[in-house]
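First the structure, in the form of structure tokens, and then the observations on it.
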Amino acid sequence: MNPSHVCLACRQRLGALRPSRPVQWRPRATFISLSNNTRTTTDEKATEKFLKLGEDEGIQKGTPSTRKPAANLRVPRPARNNRCEGELEALFEKSLHPPAVSEDAPSPLAPSLESYKHVEILKEKLSGSVPLLDSWHYFVEHFGPDVEKPAFTSTPSFLNSAAHTLVRQIIDAKRRDPLSDRLPSVTEISKVYLRLGILSGLDWSEMIFILLEHMLRSEQKAPASIHERLITDMLGAWNVVCRQKGDYHHFPPLGSDLNWSYVPRVSSGDVNQMYRKRGAQAAFGILTPPLKLRHLQAIPMAALATFVILTNSLASTHLEHASPFVSLLSQIINTPGIALGHIYGKDDGSPIVAEFVKSNWVTIKERASQMSEDLPTKLEQPIDNRKLGSDDSYRGSFVQKRLQDALKRGNLRQVNEIWSDVVQWPVKVTNSPQPYSMKRGTFTAELANLFILIYMTFRQPNPAINVWNHMLRSGIQPTLQTWNAMLSGCKDSRDWKTLEVVWKRMLASGAQPDVVCWTTRISGLIEAYQFDSGIRALDEMGRTWLAAAKVQHPKMKLEQLQLLPEVDGAAKPTIETINGAVAGLLRKHKSEAVHHVLAWGGKFGITPDINTYNALLRPLIRSGHTKQATALLQQMQKAGIQADVATFTTILDETFRRSEHHTPEEQKEIVDSVFFEMEEAGVQPNLLTYGTIIYQLLQSSHGNLSVVNAVMERIAQQGLQPSPQIYTMIIEYHFSQRPPNLDAVRAIIERATMVVGGTDYVFWDRVVEGYAEVGETALALRVMGNLHRANQKLGYLAMRMLLFALAQNEEWDAARTLVRKVMLDSGGPSMAQVHGKLGEVLFWELAAKLHLLDAEQNG
């Protein structure tokens, strides 16, 4: 939860992903570089109102293209990456099956005999009173698709009976409680069984019907979060079976959006021909290529019910994200000749679902016809307006969400992949006042601004400049929003030098900065610890405005000029500008400077608002200055400013400060009273409020999570999904128990990964650290492997703890491979000496003490 936690391996890998220099670097009026050394051409001089700079790969000091390796370190060859990745993958498998201590070579029959023993153990678990989740984890651990199988090339026949018994028991349990955290999700079951080649269409249909029935029964009564979980699991299960053989290993990484690009691409003629030759069952079977035709009796009914649920307003977000799947589904439903009588029969799979489809048949046909013939539709959310089956069918307005997810995860490669796709989109210049309000599949100024912001946040100015130049070539003129995207990216990356260069270029281009640009610059300098420069920039903003006001009112006194409203030619400082400076200074413990800024703003007639008071209240509460905090609250009330959710969240820190001696009943009473006061004030709690309460409760729970569970239930009732921070706190709590509650950890991981955005890099760091601390290195390595396949990285502190655990367990092969992988990703320990980041230094120090570093450098 510490915001200072930094993963330098991510930064090194991101720096290495800089795309090669493009060939078409000759357009007019191009924005070429952020360096001070500019190069111009004859063509460029004709458009001096825009930025004209020369590309300079050296703008980023220390990037892989310019960094020289230390003399005593051998630079690893790029070709070794594939080898290391293969070794790393093998390592994850070997950690689950450690080699025998015997010096003799194992018999070729040993793996088969060992597998047979595992099957017998699994059967005993299934016939006994062992929890189903334990049996499932045992099955995946010893027979899952990621387990190395040297003795056989396919799933052994002696496993089929146990695997069938396991899935039948899970289905029976899910019928009683489909939302139980003690059972694997339908999506997870489908993935494992499909990759093992033993997924039965009958079993899969039955699991889908369980989800559909529960959604139909509880649609009006259950909280929105429950409905969301069911839809997410249902879509995940469809996503698994909507792919051809050969695509079984291309499942989305943990916590990411579902990848619908593997949906079969067929024409309307193909669907019509399939229907006429083999009937409705085969036509709907196009949706599920891996399932056998004789097992598809109930697929049409399940598909129709899914279509109704997804096209309802409650699932509008899913409708947008799963547009290729829904488009193909509507195409099949709209096939000429398909009637309800061809689908509605004795093998419907579920009477409840069948009756639901029957009562909605007219609506189903109308929606399918509308979506197939007149896209986008008039449903609550637009659907892709490209041809069904097009290579571009998976593209859409959800690109913004994908970009923000990539930014959150530090995944520059994903941003580059999205840009390589978007750069081919047709151009649509929009004048929509709403930010990022883009049409599907069109390149807009808002989308370009988002790319620029993200690239600058990653400290990748050259790709950002590529986006700028593409805007110009496309006839889209950069605006102040574009400039602010550049400035905001510099602010987020704390690159104050580039921020100032961008500012100078903006002024040189003739653009007049508005309040937003000024605020971004001022707060960006302060966030980068350039306090004096930030305050000088604030003063510069005031002087620039006064100079413009003086031109219009030459005889007016200074005190009167400062109180004037807006004037032409300059932006006047506002409370947003003051708040940006105040918040940054308070975070950096510069309280004295805060008073100067507030006094300076008062001269311009700027009075504090609720955000100002909240910013001032926070450090007082955290430092225990109760009297000063009370006085500030009284002053806020006298000013007629109503408390908001941030105010209550800040007060909660003090409310729970000494709650560790309270009983669970007393804690629940405190929580209820806080929520009551918020409701009386007309304030709705948000995830930050809930996170604060859960954090304080976990600190004093003493093993009783009843109040925490009550808060989680309130979150669900409000229709919210817990944030990664909340899941991280709960994960840390379960790991801290003695003994650690690993079953609860597994349940939280499964629940968090079921929702897009439910995890972040801190969450996975804590998971690996927790497993390493309790000696569960196999589970830690498996998580690391999943992250590696998703192009995500662990922090150095987490990898150090894992390395230490491997050494304690004397898993030296695993330890050597881990060090080798980190060395190839980061360039070796020389980076720790240059930058001095604590986690990196500690990792390499431990590697050296274990004599693993010498082996790698000499190997």
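The values are calculated or read from the model by the stated rules, or taken from the named source; none is laboratory data. Since this is a predicted model, take the numbers as computed values, not measurements. Heads up, the Cβs are rebuilt from the backbone with ideal geometry, glycines too, and the neighbour counts pull from every protein chain shown. Surface areas here come from the heavy atoms of the whole protein model, side chains and all, with no ligands, DNA or RNA. Shrake-Rupley method; radii C 1.70, N 1.55, O 1.52, S 1.80 Å.
See the values below:
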| quantity | calculated |
| --- | --- |
| Within the range 486-538: Cβ-based charge dipole about Cα centre, in debye rounded to nearest 20 (Lys, Arg +1; Asp, Glu -1) | 140 |
| Filter on Lys117/Lys174; Lys555/Lys603; Lys550/Lys603; Lys174/Lys365; Lys497/Lys588; Lys603/Lys627 - keep pairs with C-alpha separation over 21 Å | Lys117/Lys174; Lys174/Lys365; Lys603/Lys627 |
| For the range 662-800, diffusion coefficient by Stokes-Einstein and Kirkwood Rh (Cα), 20 °C, 1.002 mPa s, µm²/s | 133 |
| Accessible surface of Asp568 - all protein chains present, 1.4 Å probe, nearest 10 Å² | 120 |
| Distant-in-sequence amide H partners of Phe443 (H built 1.01 Å from N, under 5 Å) | Val427, Lys428 |
| Principal semi-axes in Å for the range 579-738 [√(5λ), Cα gyration tensor, largest first] | 32, 17, 15 |
| Relative packing of 450-458, 197-205, which averages over residues the other C-beta atoms within 10 Å, highest first | 450-458, 197-205 |
| Bins of 10 Å from zero: percent of alpha-carbon pairs in the range 561-645 | 16, 46, 29, 8, 1 |
| Selected from Gly770, Pro740, Val711, residue furthest toward positive end of dipole (the range 704-806; charges at beta carbon) | Gly770 |
| Mean-position separation - Cα centroids, the range 491-526 and the range 586-634, in angstrom | 25 |
| Euclidean distance between Cα centres, the range 715-740 to the range 746-807, Å | 15 |
| Peptides ranked, highest mean first, by Cβ atoms within 10 Å: ranges 165-176, 494-505 | 494-505, 165-176 |
| Peptide ranges 844-852, 634-642 listed from the most packed, as the mean C-beta count within 10 angstrom indicates | 844-852, 634-642 |
